[in-house]
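A.B. asks: Once you've had a glance at the structure underneath, I'll fire off some questions.
The values are calculated or read from the model by the stated rules, or taken from the named source; none is laboratory data. As the structure is a prediction and not an experimental result, all values here were calculated from the model. Because the Cβ atoms are built from the backbone with ideal geometry, glycine has one as well, and the counts that use them run over all protein chains shown. The protein model used for the area step is the full one, side chains on, heavy atoms only, and it has no ligands, DNA or RNA in it. Shrake-Rupley method; radii C 1.70, N 1.55, O 1.52, S 1.80 Å.
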Amino acid sequence: MLIVQKYGGTSVGSIERIKNVARKVAKTRDQGHDIVVVVSAMSGETDRLISLAHEITTSPAEREMDLLVSSGERVTIALLAITLNSLGYPAKAFTGRQVGIVTDSIHTKARIERVGGERVREALRQGIIPVVAGFQGISEESDVTTLGRGGSDLSAVAVAAALKADMCDIYTDVDGVYTADPNVVVNARRLDRVSYEEMLEMASLGAKVLQNRAVEYAAKYGVKVRVLSTFVEGEGTLLTEEDEDMEKVVVSGVTHDRNQVKITIIGVPDRPGIAAKIFGTIADASIVVDMIIQNVSQESLTDISFTVPHADVNKTVEIMRGVTKDIGAKELEVKEDIAKVSIVGVGMRSHSGVAAKMFSTLAAEGINIMMISTSEIKISCVIDAKYTELAVRALHRAFELES
Ligand code: ADP
Ligand code: ASP
Ligand code: MG
């Protein structure tokens with residue numbers, strides 16, 4: 001078999017842990033498999049590099065940010081390849097450029113356009129273990145790009161797709177995908193299987209165990225993905241196509257996301273074209289808006305609120321200052337201490353009363369809902385960040401997800 005193994009930041013967080021990863025890779029190799037390893041930066045390293053830049057300015061150039069943060073993965077690929085070689089397992093480290101991971105030029109969240117993979121194939125033919133830097137690619141202009149936070153998952157899936165690997169194993173610090181973040185809900189339950197569609201929603205709604213774009217890519221190219229622990233043996237969680245059994249479960253998971261910021265434009269003139277102007281401008285800056293609400297207008301003025309990822313807040317505020325002036329709105333308000341809690345399940349399609357139960361559960365805990373959004377298989381509520389854990393635990397209990 002050809003197996004792609006991806007190891008996250010905690011798994012390679014120290015030299016001791018890198019040695020542990022090398023032993024796991026060696027063991028897979030001894031079982032007769034071909035193996036490609038993809039690694040993240042050491043835990044905390046990407047954050048550390050970002051904060052160094054932020055000591056200089058709140059809005060560093062994104063091209064330079066990509067070059068800066070991509071250095072984290074260079075360190076771990078080299079260290080892991082050195083370790084494997086020292087154990088007598090020939091290995092070679094490759095950067096995103098060397099692997100031919102070509103992306104668009106949207107720095108800090110580039111999309112993969114194609115994966116060449118020539119040098120990886122060549123190494124495999126020679127019996128050498130390729131160790132590939134996650135999170136990074138190269139634009140057509142030959143600039144280093146990165147694939148968004150958690151992007152090493154996407155690198156692994158994309159490499160697996162390009163090589164037509166039999167399996168893409170994502171090794172991390174938990175032993176699978178749970179009904180809620182196991183670090184928040186102690187009695188959360190590991191799922192043996194989860195559908196691509198549910199996993200995509202969960203990942204998009206804050207379950208950072210897998211990057212949402214990695215799930216999307218895996219579904220699109222039919223990559224077999226498993227989530228496993230680096231530290232304990234186990235079956236993990238397999239991403240699969242949906243089946244009838246899954247439909248019987250109304251809610252499969254509860255997620256939370258503290259990574260959004262709510263922006264409100266107060267006193268917006270209520271006339272056609274205004275929303276298009278606001279959100280068109282944001283979209284032009286490649287910022288992804290999540291929730292949007294517009295209040296009932298009073299005296300032809302209304303308030304529009306929306307959420308954007310924390311990482312884009314400075315950029316958004318800058319843009320919105322201009323737009324607010326242009327459209328003649330009164331002021332701009334930024335609220336950072338919010339969280340989005342969501343419930344996800346394909347069974348919601350065929351069950352009613354789910355939203356009502358979610359709202360009454362939050363109400364019973366005295367938690368106010370600021371924004372709501374729904375889709376076929378999820379319901380999300382924005383709440384005050386200080387109630388996040390309370391909300392997640394209450395919902396987990398209410399929908400009977402405990403083990
Ligand atoms: P890595 O560095 O290996 O990529 P991450 O920190 O990105 O690891 O993702 C693993 C973390 O995801 C876990 O430590 C856990 O706290 C968090 N997590 C959030 N939601 C879930 C969930 N539903 N199931 C499992 N883990 C989750
Ligand atoms: N090192 C990157 C990050 O912290 C990519 C990853 O870990 O997947 O976001
Ligand atoms: Mg991750």
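A.B. asks: Can you tell me the order of 389-396, 19-26 when each peptide is scored by its average per-residue count of other Cβ atoms within 10 angstrom, highest first?
C.D. replies: Ranked from most to least packed, the peptides come out as 389-396, 19-26.
A.B. asks: Report the net charge of residues surrounding residue 119, where surrounding means a beta-carbon distance below 13 angstrom and charges are Lys +1, Arg +1, Asp -1, Glu -1.
C.D. replies: +2
A.B. asks: Extending each Cα 7 Å along its Cβ direction at residue 364 and residue 14, get the distance between those two points in nm, one decimal.
C.D. replies: 4.3 nm
A.B. asks: Which angle between 0 and 90 degrees, to the nearest 10, do you get for helix 354-364 versus the longest principal axis of the chain when only C-alpha atoms count?
C.D. replies: 70 degrees
A.B. asks: Helix 45-54 versus the longest principal axis of the chain: what is the Cα-based angle in degrees, 0 to 90, to the nearest 10?
C.D. replies: 50 degrees
A.B. asks: First compute the accessible area of the range 179-271 with a 1.4 Å probe, then give the percent of it belonging to carbon and sulfur atoms.
C.D. replies: 46 percent
A.B. asks: Roughly how many whole Å is it from the C-alpha centroid of the range 73-151 to that of the range 14-72?
C.D. replies: Cα centroid of the range 73-151 versus Cα centroid of the range 14-72: 11 Å apart.
A.B. asks: Once fully extended, how much extra length lies between residue 50 and residue 374, figured as 0.36 nm per residue of separation less the alpha-carbon to alpha-carbon distance?
C.D. replies: Numbers: separation 324, 0.36 × 324 = 116.64 nm, distance 3.32 nm.
Gain on stretching residue 50 to residue 374: 113.3 nm.
A.B. asks: Determine ³J(HN,Hα), in whole Hz, for all residues of the range 331-341 in sequence, where each value follows from phi through the Karplus function 6.51 cos²θ - 1.76 cosθ + 1.60 and θ = phi - 60°; x replaces Gly and Pro.
C.D. replies: Values, residue by residue: 8, 10, 10, 10, 10, 8, 8, 10, 9, 10, 10 Hz.
A.B. asks: Moving on. Have a look at 51, 212, 286 and report the one farthest towards the positive end of the charge dipole of the chain, computed about the Cα centre with Cβ charges (Lys/Arg +1, Asp/Glu -1).
C.D. replies: Of 51, 212, 286, it is 51.
A.B. asks: Given 0.36 nm per residue, what is the gain on full extension from residue 300 to residue 258 after removing their alpha carbon distance, in nm?
C.D. replies: Answer, rounded to one decimal: 11.8 nm.
A.B. asks: If you look at just the Cα atoms of the range 86-128, how large are its Rg and its Dmax in Å?
C.D. replies: Computed over the Cα atoms of the range 86-128, radius of gyration and Dmax are 13.3, 40 Å.
A.B. asks: Take the Cα radius of gyration of the chain and divide it by 2.2 N^0.38 Å, with N its residue count; two decimals is plenty.
C.D. replies: 1.03
A.B. asks: Return one number: the angle in degrees, 0 to 90 and rounded to the nearest 10, between the long axis of the Cα atoms of helix 274-284 and the longest principal axis of the Cα atoms of the chain.
C.D. replies: 20 degrees
A.B. asks: Using the Cα centre of the chain as the reference point, and only Cβ charges (+1 on K/R, -1 on D/E), how large is the resulting charge dipole? Debye, rounded to the nearest 20.
C.D. replies: So the dipole magnitude of the chain works out to roughly 800 debye.
A.B. asks: Any idea how far apart residue 288 and residue 233 come out in nm if each label point goes 7 Å out from Cα toward Cβ?
C.D. replies: 3.8 nm
A.B. asks: Let me know the charge dipole size of the range 309-383 about its Cα centre in debye, to the nearest 20, where only the beta-carbon of Lys, Arg (+1) and Asp, Glu (-1) is charged.
C.D. replies: 220 debye
A.B. asks: Over 29 Å between Cα atoms: which of 24/224; 19/315; 109/378; 109/248 fall into that group? The partial results should precede the final answer.
C.D. replies: Working: 24/224 20 Å; 19/315 40 Å; 109/378 25 Å; 109/248 36 Å.
Table pairs above 29 Å Cα-Cα are 19/315; 109/248.
A.B. asks: Under a Cβ-only charge scheme (Lys and Arg +1, Asp and Glu -1), can you give me the dipole magnitude of the range 70-153 about the Cα centre, in debye to the nearest 20?
C.D. replies: Dipole about the Cα centre, nearest 20: 240 debye.
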